[in-house]
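Working notes, beginning with the structure itself.
The values are calculated or read from the model by the stated rules, or taken from the named source; none is laboratory data. Please read all numbers here as calculations on a predicted model, not as lab measurements. Methodologically, a virtual Cβ is constructed for each residue, glycine included, from the backbone with ideal geometry; neighbour enumeration extends over all protein chains shown.
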C-alpha cells in the first residue's frame with residue numbers, strides 16, 4: 001500500500017475508534033475527591049459548620065486560598081472554539097472534546113487538575129473579561145484554540161492584567177518544544193544556532209511565537225525569512241502594513257527579518273536555508289520535494305501541520321533533508337507541545353509563579369533537549385510523550401528559572417521541586433491505574 005494511502009487509512013481507523021470510545025465514556029475527565037470521608041461526621045469538617053474556619057482564614061488573608069483550597073493545583077483551559085486543531089471555527093461545544101483531552105494530559109503527565117471551559121463568545125473583550133473574573137478560582141490559565149490575530153491580543157492583555165500565569169499553548173507551548181527540537185537537531189548535524197538561516201513557513205500563532213523565542217535565544221532577525229500564504233514577508237508587503245493595527249506582530253517580522261528583501265513564495269524562502277520550521281496548511285504537497293533539494297546540506301525540516309504534514313517525511317529525506325520532524329506520533333521526532341505544557345505548569349504552580357516568561361520557556365526547552373541524553377540521533381531528537389520522567393525535570397527547570405526572575409512566591413530548592421513534581425505526577429498516574437485495575441474505569445470493550 002502506498003505511504004499516503006496507508007497513513008490516511010490509519011487516520012480513518014483512529015477516527016472511528018475515537019468516536020466509539022468518546023461516546024462510551026461520555027468524555028475523559030471527572031471530579032474525584034482528594035480528602036477522606038471516614039464517616040458522616042467528616043461532612044461537618046469539609047462542609048458546614050467546619051468549612052467556615054477556612055473561609056474566615058481566606059477572608060483575613062487572600063493568600064490563604066492557596067493553602068485552604070485546591071486553587072494551587074487547578075487551572076482553567078479556556079477556548080472559544082474558533083480554531084480547533086485543523087478543524088477551524090467549529091464552535092465551543094465541538095471544541096470541548098479537545099479541551100477534555102488537554103485536561104487528561106495535564107493530569108496524567110503533569111499532575112495538574114484542570115477545568116475545561118469553552119466559552120460561548122467570539123468577542124475578544126468578552127473572552128478577556130471572563131477570564132479576568134475567573135482569577136480567584138484558579139492558579140493558572142491555559143488558552144487554547146483561539147483564532148488569530150485575536151489570540152495575540154487576548155494573551156497580551158491577560159498576561160499584563162492578571163497575577164497568575166496565562167499561557168497560550170498554541171503559541172508558547174509550540175515554540176518551546178520547537179526550540180528543544182531545533183537545539184538537538186543542530187547538535188546532530190553539527191551546526192550552530194547563531195550561524196544558520198531559518199525559513200518560517202506559515203505565520204500564525206505557532207510561528208509568530210517561534211520567531212519571538214528564536215530571537216530571545218540569540219538568533220538574529222536577519223537570519224530569518226518568513227512566508228505566509230501570500231508570499232515572503234518584507235517591507236514591501238503593503239497588505240500587511242495596512243493591517244498592522246490588527247496584526248502588528250506580522251508587520252514587525254516584515255521590518256526585522258529578511259534584510260535582503262527577498263520576494264517570492266515557499267520555494268524562494270527555502271532556497272539556501274538550513275532549517276525549515278513549517279506550521280502551515282495541512283498537506284501533503286504544501287512543500288514540494290524539489291524545494292527541499294535547494295536547501296543547504298544537512299537540512300532540518302519540521303513539517304508540523306496536522307493531521308497531514310506539509311511534506312511526508314520520507315519525501316523530505318529522499319530529497320536531502322537529514323532530520324525531519326512532524327506533529328504526528330506515528331513518525332519519529334514528534335514536535336508536540338504535549339511534551340512541555342504539563343511540566344511547565346507543574347513547575348509554575350509549585351513555586352506559585354505569577355507568569356510564565358520566555359526565559360522560563362527556554363529553560364524548559366533546554367531541559368527537554370538534555371533529556372534525550374546519549375540516545376540523540378537523527379530520528380531521536382526529542383523524548384516521547386510516554387517517557388514520564390521528563391515532566392518532573394521540566395517542572396524543576398521552570399520553577400528554578402521563575403525564582404531567578406523573581407516571579408515566584410515560593411522559594412524551593414532543586415531537590416524540593418523534583419520531589420514535589422515527581423510525587424504529584426506519580427500520584428496522578430497511579431490513581432488512574434488503580435481505578436482501571438478496580439474496574440472503576442471501565443475496560444475498553446472489543447468492537
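Considering segment 341-365 alone, what residues qualify as being within 15 Å of residue 183 (Cα to Cα) and within 14 Å of the chain's Cα centre (by Cα)? Talk me through it step by step, then tell me what you get.
In the first step, residues of segment 341-365 are kept if they are within 15 Å of residue 183 (Cα to Cα); the result is 361-365.
Passing the criteria: 361, 362, 364, 365.
Any residue at all in segment 29-37 that is farther than 22 Å from residue 174 by Cα and surrounded by 12 or more Cβ atoms within 10 Å (Cβ to Cβ)?
Just the residues of segment 29-37 that are farther than 22 Å from residue 174 by Cα, to begin with: 29-37.
With surrounded by 12 or more Cβ atoms within 10 Å (Cβ to Cβ) added as a condition, the list becomes 29.
Yes, the conditions are met somewhere in segment 29-37.
Being assigned to a loop (DSSP other than H, G, I, E, B) and under 16 Å from residue 300 (Cα atoms) is the filter here, so list the residues in segment 186-218 that pass it. Please lay out each step first, then the result.
Filtering segment 186-218 down to residues assigned to a loop (DSSP other than H, G, I, E, B) leaves 190-192, 196-197, 202-204, 217-218.
Matches in segment 186-218: 190, 191, 192, 196, 197.
With the requirement that a residue be out of contact with any helix residue (DSSP H, G or I) (no Cβ under 8 Å at 6 or more places or on another chain) and closer than 15 Å to residue 142 by Cβ, what does segment 81-101 give you? Can you show your working first?
Initially, segment 81-101 is screened for residues out of contact with any helix residue (DSSP H, G or I) (no Cβ under 8 Å at 6 or more places or on another chain), giving 86, 88-96, 98-101.
Those that are out of contact with any helix residue (DSSP H, G or I) (no Cβ under 8 Å at 6 or more places or on another chain) and closer than 15 Å to residue 142 by Cβ: 95, 96, 98, 99, 100, 101.
From 258, 184, which residue is on the phi < 0 side of the Ramachandran plot and surrounded by 19 or more Cβ atoms within 10 Å (Cβ to Cβ)? Break it down into steps so the answer makes sense when it comes.
Working: 258 fails: on the phi < 0 side of the Ramachandran plot.
Exactly one of 258, 184 is on the phi < 0 side of the Ramachandran plot and surrounded by 19 or more Cβ atoms within 10 Å (Cβ to Cβ), namely 184.
Of these, 366, 401, 405, 442, which one is in contact with a helix residue (DSSP H, G or I) (Cβ under 9 Å, 6 or more places away or on another chain) and modelled with pLDDT under 95? Break it down stepwise before answering.
Working: 366 fails: modelled with pLDDT under 95; 401 fails: modelled with pLDDT under 95; 405 fails: modelled with pLDDT under 95.
442 is the lone residue from the list that is in contact with a helix residue (DSSP H, G or I) (Cβ under 9 Å, 6 or more places away or on another chain) and modelled with pLDDT under 95.
Evaluate segment 356-371: report whether one residue or more is surrounded by 13 or more Cβ atoms within 10 Å (Cβ to Cβ), in a loop (DSSP other than H, G, I, E, B) and free of Cβ contacts under 8 Å to residues at least 12 places away in the same chain. First the steps, then the outcome.
First pass over segment 356-371, keeping only residues surrounded by 13 or more Cβ atoms within 10 Å (Cβ to Cβ): 356-371.
Cutting the leftovers down to in a loop (DSSP other than H, G, I, E, B) gives us 356-357, 371.
Subsequent filtering for residues that are free of Cβ contacts under 8 Å to residues at least 12 places away in the same chain retains none.
For segment 356-371, residues surrounded by 13 or more Cβ atoms within 10 Å (Cβ to Cβ), in a loop (DSSP other than H, G, I, E, B) and free of Cβ contacts under 8 Å to residues at least 12 places away in the same chain: absent.
Which one of these is in contact with a helix residue (DSSP H, G or I) (Cβ under 7 Å, 6 or more places away or on another chain), in a loop (DSSP other than H, G, I, E, B) and closer than 20 Å to residue 351 by Cα: 164, 146?
Answer to the check: 164.
Could you please let me know if residue 181 is farther than 17 Å from residue 356 by Cα, modelled with pLDDT of 95 or more and assigned to a strand (DSSP E or B)? Walk me through it before giving the result.
Values: farther than 17 Å from residue 356 by Cα: yes; modelled with pLDDT of 95 or more: yes; assigned to a strand (DSSP E or B): no.
No, not satisfied.
Those residues that are assigned to a helix (DSSP H, G or I) and free of Cβ contacts under 8 Å to residues at least 12 places away in the same chain, I need them from segment 252-283; list them, please.
Filtering segment 252-283 for residues assigned to a helix (DSSP H, G or I) gives 252-256, 266-270.
Once the filter is applied, which keeps residues that are assigned to a helix (DSSP H, G or I) and free of Cβ contacts under 8 Å to residues at least 12 places away in the same chain, segment 252-283 yields only 252.
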